[in-house]
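See below for the structure under consideration.
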Amino acid sequence: MVGTSIQLYMVPGMAHCQGGPGTDTFDKMAAIEQWIETGNAPAQIVASHATGGKVDRTRPLCPYGKVAKWNGSGSTDDAGNFACVGG
């Protein structure tokens with residue numbers, strides 16, 4: 001059944017497979033393991049961007065059809081201030 005075993009999470013601003021200005025670092029295996037253990041696809045995956053080895057931004061990666069929207073308060077560099085909306 002489609003949707004129970006396939007999900008697409010876009011990574012805005014990431015260069016081909018890695019790098020770029022986007023949040024290109026995230027734990028793919030932890031997301032897959034949690035999905036298998038719970039039977040639920042992740043509602044979001046938190047990703048980070050680092051400059052000079054120091055994390056300077058985090059954002060949620062949303063399932064295809066949804067986008068990360070800033071809630072209007074707090075830092076735009078903190079994933080906790082975003083929600084996946086749409087779809």
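In region 56-77, the qualifying residues are those that are exposed (fewer than 14 other Cβ atoms within 10 Å of the Cβ) and under 20 Å from Gln18 (Cα atoms), and the one that is modelled with the lowest pLDDT is Tyr64. When Gln34 is tested against (1) among the polar types (S, T, N, Q); (2) modelled with pLDDT under 90; (3) touching a Pro at 6+ places or on another chain (Cβ under 7 Å), exactly one condition is not met: (2).
Scanning region 1-55 for residues that are in contact with a strand residue (DSSP E or B) (Cβ under 7 Å, 6 or more places away or on another chain), surrounded by 13 or more Cβ atoms within 10 Å (Cβ to Cβ) and outside any loop (DSSP other than H, G, I, E, B) yields Tyr9, Thr25, Ala31, Ile45, Val46, Ala47, Ser48, His49. Taken over region 35-87, the criterion of being touching a Phe, Trp or Tyr at 6+ places or on another chain (Cβ under 8 Å) and acidic (Asp, Glu) is satisfied by no residue. Taking the condition of a type in the set (Ser, Thr, Tyr) and over 15 Å from the mean Cα position of the chain (by Cα), does Ser48 pass? It is false that Ser48 is of a type in the set (Ser, Thr, Tyr) and over 15 Å from the mean Cα position of the chain (by Cα). Against the condition of a type outside the set (D, E, K, R) and in contact with an Asp or Glu (Cβ under 6 Å, 6 or more places away or on another chain), how does Met10 come out, does it pass? When the stated conditions are applied, Met10 does not pass them.
In a residue-by-residue description of region 47-60, the property of being touching a residue at least 24 places away in the same chain (Cβ under 8 Å) and out of contact with any Ser or Thr (no Cβ under 7 Å at 6 or more places or on another chain) applies to at least one position.
The values are calculated or read from the model by the stated rules, or taken from the named source; none is laboratory data. What you are looking at is a predicted structure, and each value in this text was computed from that prediction instead of being measured. Don't worry about glycine lacking a Cβ; one is built from the backbone with ideal geometry, like all the others, and counts go over all protein chains shown.
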